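Notes for the one structure printed next.
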Amino acid sequence: MNAKGNKVLIDGWSLFCQRNPSIKKTLVFIEYGPDVIASKKYIANLGLESTVSWLPLMYRKDLMAGLSMADIVAAEFIQSWICGGIIYEALVMGKPLIMHSDEHKNPAKSANLYPIYNARTPEAIAGHLQQFVVNPDSGRNNGIAGHTWYLNNVVNKAISMYANYLINRASELGKIAR
């Protein structure tokens with residue numbers, strides 16, 4: 001269960017559930033990856049089935065609809081990634097991310113990165129989930145800041161690059177004056 005850190009996430013979820021028995025909560029997984037069967041068994045062994053839902057493998061466009069309903073999105077807890085599918089999808093949707101990132105620990109690097117709840121242990125995951133429950137507006141602002149980062153550093157840069165290419169190409173072909 002360690003391809004992406006499902007065990008760490010599940011253990012963090014278990015701690016959070018123990019500390020917050022009266023809060024309505026659901027951890028949602030997608031049936032994707034090598035750890036699905038082991039994760040389901042582990043969740044059952046911990047008695048967490050009533051707080052976990054599994055969605056079938058789906059197209060990314062359908063996944064985005066599900067993400068729109070999430071309060072917070074979990075990514076990777078083993079490897080330190082700064083980009084990838086679920087990370088970009090959460091940023092696009094303006095959802096706060098909880099994940100492990102060495103780069104976010106370095107103040108010189110993290111100043112130019114999107115905000116996250118940085119966690120690599122069950123205790124840190126449970127703590128960040130609790131922080132979100134106590135101050136959901138801060139969490140939502142974290143997600144909005146991530147979305148703004150994505151627009152400025154991914155979308156707008158790509159649009160600018162393509163616009164410059166098209167202007168230069170049109171100029172080379174004599175279609176517009178420089």
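Within the range 50-91, restricting attention to residues that are among the polar types (S, T, N, Q) and out of contact with any Phe, Trp or Tyr (no Cβ under 9 Å at 6 or more places or on another chain), the residue that is farthest from Val154 (Cα to Cα) is Ser50. Please verify whether Leu129 is of a type in the set (A, V, I, L, M, F, W, C), closer than 19 Å to Asp11 by Cα and surrounded by 19 or more Cβ atoms within 10 Å (Cβ to Cβ), treating the condition exactly as stated. Taking the combined requirement at face value, the residue satisfies it. With respect to (1) loosely packed, with under 15 Cβ neighbours inside 10 Å; (2) in contact with an Asp or Glu (Cβ under 8 Å, 6 or more places away or on another chain), the lone exception for Lys95 is condition (1). When the residues of the range 92-127 are filtered to those that are of a type in the set (S, T, N, Q) and in contact with a helix residue (DSSP H, G or I) (Cβ under 6 Å, 6 or more places away or on another chain), the one that is farthest from Asn156 (Cα to Cα) is Asn118.
Conditions tested, residue by residue: (1) acidic (Asp, Glu); (2) exposed (fewer than 12 other Cβ atoms within 10 Å of the Cβ); (3) under 18 Å from the mean Cα position of the chain (by Cα); (4) modelled with pLDDT under 95.
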{"position": "Leu15", "(1), (2), (3), (4)": "no, no, no, no"}
{"position": "Lys25", "(1), (2), (3), (4)": "no, no, yes, no"}
{"position": "Val28", "(1), (2), (3), (4)": "no, no, yes, no"}
{"position": "Lys41", "(1), (2), (3), (4)": "no, yes, no, no"}
{"position": "Ile82", "(1), (2), (3), (4)": "no, no, yes, yes"}
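Look through Ile144, Ile98, Ile167, Ile159 and report the one residue that is of a type in the set (Val, Ile, Thr) and touching a strand residue (DSSP E or B) at 6+ places or on another chain (Cβ under 9 Å). Exactly one of Ile144, Ile98, Ile167, Ile159 is of a type in the set (Val, Ile, Thr) and touching a strand residue (DSSP E or B) at 6+ places or on another chain (Cβ under 9 Å), namely Ile98. Close Cβ contacts (under 7 Å, 6 or more residues apart or on different chains) running from residues in the range 6-28 that are aromatic (Phe, Trp, Tyr) to residues that are crowded, with 20+ Cβ neighbours inside 10 Å and modelled with pLDDT of 95 or more comprise Phe16/Ala126; Phe16/Leu129. Screening Lys95 against (1) under 24 Å from Asp35 (Cα atoms); (2) modelled with pLDDT of 95 or more; (3) in a loop (DSSP other than H, G, I, E, B) leaves a single unmet condition, (1).
Report yes if some residue within the range 20-33 is under 24 Å from Leu67 (Cβ atoms), in contact with a Pro (Cβ under 7 Å, 6 or more places away or on another chain) and part of a loop (DSSP other than H, G, I, E, B); otherwise report no. For the range 20-33, residues under 24 Å from Leu67 (Cβ atoms), in contact with a Pro (Cβ under 7 Å, 6 or more places away or on another chain) and part of a loop (DSSP other than H, G, I, E, B): present.
Number of residues in the range 59-70 that are surrounded by 15 or more Cβ atoms within 10 Å (Cβ to Cβ) and in a loop (DSSP other than H, G, I, E, B): the value is 1.
The values are calculated or read from the model by the stated rules, or taken from the named source; none is laboratory data. Everything numeric in this text was worked out from a predicted model, so none of it was measured. In this analysis, Cβ positions are derived from the backbone assuming ideal geometry, glycine residues included, and neighbour counts consider all displayed protein chains.
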